[in-house]
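Take a look at the structure below.
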Amino acid sequence: MGDLLGPDFPPDIGLAVSGGGDSMAMLTLAHNWTHRWGVRLWVVTIDHGLRPEAASEAALVSETCAELGHPHATLRWHWDGQGNVMDVARRARLTLIDAWRGALRHVLMAHTSDDVAETFLMRLARGSGVEGLSAMAAKRRIALPEGGVLRAGDVSGDLPPVAPREAAFHVVRPCLDMTRDELRHYLRTLKGRWVEDPTNEDPRYDRARIRRLLGLLQAEGLGADTLAATAHRMARAREALSARARAVWEAIGQEVTNPATGSRIGEIRLDREGFAAVERDTQLRFLAAVLQYVSGAEYRPRAAPLEALLDRLLSGGGGMLHGVEARVHGDDLHLFREYDAVRDLEQPASGQLWDGRWRMHMAGQDPTGLTIRALGPDGWAQIAGKPAGASFAAARSLPALWRGDALVACPPLGVGAAGATLCPMGRADLTLPGFLDSH
């Protein structure tokens, strides 16, 4: 904790506890640590509602927190039946925690070296490279596009102070060098309570099957400790490769801005010859980062289609991937938001993000009757004297303010009185170099 948060510890800190052995052990560890250093601990449990036992598990955590003297809250999530339940639940968990945390800037999670090893094998099975095989970070900054909202009927218990709230928070994992068995031994010694999640043994889930496989691999010298150590070495390699990608950006990259206003318009240009001269692994890493940054996608593109797009670009062609269009114009590669990915996105003119990437500023205008949707061919045709700085292909996907079929403004192009701020990954302060450093 000193390495991750010291020497000046925060006055308050959060802890996510499921009721399982890892998190219940960490609750006890955190209880002792916060008592020693005068830090107030706030505990949260997410009831995913996927198993009938979930409510009683949350109650166990609440009872233990009451015994230890820490405030606790239970947040309930309702799955809509869409998507991969485990992946959707993971993302929902972060959104709910972000809504719950208030002014807290750090939330502890009890991931262990076993989790690192299991994730390594799961990603190895998908053909991941250095990025995917790298160990999860002991401290990770989380900045979600829009803060979640806690509905009154879905939260019970104590909430942390609301202000002063920061846009981002850090997930802190101080147990990554500990094993699951070590934490359970600690709990047994202290006669602590926990519950076993039956999904951990359910072969319908990838992680359950991987846990069973790890037991077999242990006999061949490929146990969790070996795999976790390899994942940590991959993380060091990732840092070096990210630094190389940053150097390439500084040499050949440009984030296009409106010449009149200097504001970003969401387009990346690369020197074609300079990009072709870079080693292939860095080309792929760099291209993946640009696609993710421009589209605002949570995940990197898959390896096979990424390599196919790279080959097309190097041979002078273009293509579309991950919601991004890539074109070759003379000596440059141009990458911008794909129009088909946003053509049907329409919402009332408000402070909410459009496409998860743009925030519109009304400049004192009455938003009644105004909507935000892509500029498209119709909007481009209504602009008198085409603005400099963006081609028609790139401009089509930019946010525009409409009253019915009449174009009112396209702020990224400097058309009309409204303004707009580009917020890649939901963050106005994020630039591509910063994204390369953090991803």
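Using the average count of surrounding beta-carbon atoms within 10 Å as a protection proxy, the listed peptides 343-356, 282-295 rank, highest first, as 282-295, 343-356. Between the Cα long axis of helix 180-189 and the first principal axis of the chain there is an angle of about 40°, rounded to the nearest 10.
Suppose only helical runs count, i.e. DSSP H with n ≥ 4. What mean residue ellipticity at 222 nm does that imply for the chain under -39500 (n - 2.57) per run, divided by all residues and rounded to the nearest 500 deg cm²/dmol?
Counting only the DSSP helices, I get -12000 deg cm²/dmol.
Since only ALA303, SER62, PRO433 are under comparison, the one whose Cα sits farthest along the positive direction of the charge dipole of the chain, derived from C-beta charges on Lys, Arg, Asp and Glu, is PRO433. Look at the alpha carbon pairs under 8 Å that are at least 6 residues apart: their mean separation over the length of the chain gives a relative contact order of 13 percent.
Relative to a virtual label point 7 Å from the Cα of ARG209 in the Cα→beta-carbon direction, which members of segment 115-138 show backbone nitrogen distances below 20 Å? Only 115-129, 133 fall inside the zone, counting backbone N under 20 Å. Rg over Rh for segment 251-371 works out to 1.04, both radii taken from alpha-carbon positions and Rh defined as the Kirkwood radius.
Going by accessible surface with a 1.4 Å probe and the largest first, GLU239, GLU273, GLU298 read GLU273, GLU239, GLU298. Rounded to the nearest Hz, the phi-derived 3J(HN,Hα) couplings of segment 129-135 under the Karplus curve 6.51 cos²θ - 1.76 cosθ + 1.60 (θ = phi - 60°) are x, 4, 4, x, 8, 6, 5, where x marks glycine and proline. Fully extending the segment from ALA247 to LYS139, taken as 0.36 nm per residue of separation minus the present Cα-Cα distance, adds 36.4 nm. In segment 35-123, one over the average inverse separation of all distinct C-alpha pairs is 15.0 Å, which is the Kirkwood hydrodynamic radius.
Given the choices (i) 1.09; (ii) 1.47; (iii) 0.97, Cα Rg over 2.2 N^0.38 Å derived from the coordinates of this structure is entry (i). Using a probe radius of 1.4 angstrom, the carbon and sulfur fraction of the accessible surface of segment 320-361 is 43%.
Using the Cβ-Cβ distance between GLU166 and HIS361 with R0 = 30 Å, the FRET efficiency computed as 1/(1 + (r/R0)^6) comes to roughly 0.90. Computed from Cα positions, the angle between helix 85-100 and the longest principal axis of the chain comes to roughly 90 degrees. For segment 325-418, the relative contact order works out to 25 percent when only alpha carbon pairs closer than 8 Å and six or more residues apart are counted. Rg/Rh for segment 44-92 stands at 1.06; both radii use Cα atoms, and Rh follows the Kirkwood definition.
To the nearest 10, the accessible area of SER134 is 10 Å² with a 1.4 Å probe. Summed over the residues of the chain and divided among them, the accessible surface reaches 47 Å² per residue at a probe radius of 1.4 Å. Taking Cα centroids, how far is segment 118-164 from segment 303-359 in Å? The distance from the Cα centre of segment 118-164 to that of segment 303-359 comes to 26 Å. Sequence-distant contacts, meaning Cα pairs under 8 Å at least 6 residues apart, place the relative contact order of segment 181-307 at 12 percent.
Annotation: peptides 15-26, 173-184, 201-212, ranked by per-residue average of other Cβ atoms within 10 Å with the highest first, follow the order 15-26, 173-184, 201-212. Relative to the dominant Cα principal axis of the chain, helix 113-125 is inclined by about 40°. Of the two radii for segment 91-139, the radius of gyration is 1.08 times the Kirkwood radius, both from the alpha carbons; that is the Rg over Rh value. For the pair SER156 and ALA384, a Förster radius of 41 Å applied to the C-beta separation gives a FRET efficiency near 0.10, rounded to the nearest 0.05.
The values are calculated or read from the model by the stated rules, or taken from the named source; none is laboratory data. Bear in mind the structure is a predicted one, so any value in this text is a computation, not a measurement. Heads up, the Cβs are rebuilt from the backbone with ideal geometry, glycines too, and the neighbour counts pull from every protein chain shown. These area figures cover heavy atoms from the full protein model, side chains too; ligands, DNA and RNA do not enter into them. Shrake-Rupley method; radii C 1.70, N 1.55, O 1.52, S 1.80 Å.
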